[in-house]
Amino acid sequence: MPAEYAIDPTGIGRLLGLNQMGEIKEQLADEAIADAAAQLTTMSSPAKERSREPLNQIESAVVKPALAAPIQPIWEDEVRVVLSPGEGTEFKLTMNMGETANFHWVTDGGSVNFDTHGDGGGKSISYEKGRGVTEDEGELTAAFTGNHGWFFRNRNNNDITLVLRTRGNYRELKRAI
């Protein structure tokens with residue numbers, strides 16, 4: 001209907017209230033044109049007059065963090081074991097001297113005592129020990145060629161679940177029995 005577009009030669013649009021709809025549409029169209037003109041004015045300013053400062057701020061806020069965010073590789077191995085009260089278990093990585101592996105382990109239901117150590121070729125080493133720990137992560141670098149890993153013991157009065165995740169330079173993750 002023409003009244004819908006603010007054209008009402010017969011007057012019926014005004015009686016039915018359709019003129020108001022046309023007037024609102026015209027007003028919105030005028031506002032859209034004014035907004036577009038304001039944007040065009042801002043965008044068409046000469047390059048010499050525009051400051052590079054806002055662009056630098058945008059680039060540092062958007063581009064650099066995206067480039068700086070390291071991409072973490074997925075875990076190569078994950079083991080999950082339930083330890084009864086007093087029970088212990090041992091996991092070892094077979095590694096050459098100087099090789100490095102990343103690890104993360106976490107418990108559910110309580111804490112554990114742990115001993116991170118290595119053995120092989122008549123050598124042994126203790127890297128770290130802990131009591132009452134629920135989570136640890138880091139890098140394990142083999143001091144010599146052999147087996148390097150963790151012994152865990154549940155000193156709680158209830159079962160706990162232990163999850164160990166590893167990735168890096170090693171040939172095998174095995175559970176020592």
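Tabulated data for the structure shown
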| item | result |
| --- | --- |
| Single condition GLY121 does not satisfy, out of (1) modelled with pLDDT of 95 or more; (2) over 16 Å from LEU173 (Cα atoms) | (1) |
| Test for THR161: is it under 29 Å from the mean Cα position of the chain (by Cα), in a strand (DSSP E or B), crowded, with 16+ Cβ neighbours inside 10 Å and β-branched (Val, Ile, Thr) | no |
| Restricting the range 106-127 to residues that are more than 29 Å from the chain's Cα centre (by Cα) and in a loop (DSSP other than H, G, I, E, B), the residue that is surrounded by the most Cβ atoms within 10 Å (Cβ to Cβ) | GLY121 |
| PHE151 vs. criteria among the aromatic types (Phe, Trp, Tyr) and in a strand (DSSP E or B) | yes |
| Residue in the range 106-129 that is farther than 17 Å from SER84 by Cβ and in contact (Cβ under 8 Å) with a residue 40 or more places away in the chain present | yes |
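Results for (1) at pLDDT 95 or above; (2) out of contact with any Lys or Arg (no Cβ under 8 Å at 6 or more places or on another chain); (3) closer than 23 Å to GLY110 by Cα, shown as yes or no for each residue.
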| site | (1), (2), (3) |
| --- | --- |
| ALA142 | yes, yes, no |
| THR145 | yes, yes, no |
| ASN157 | yes, yes, yes |
| LEU162 | yes, no, yes |
| ARG165 | yes, yes, yes |
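The values are calculated or read from the model by the stated rules, or taken from the named source; none is laboratory data. Keep in mind it's a predicted model, so treat the numbers as computed, not measured. A quick note on method: Cβ atoms are made from the backbone with ideal geometry, for glycine too, and the neighbour counts reach across all protein chains shown.
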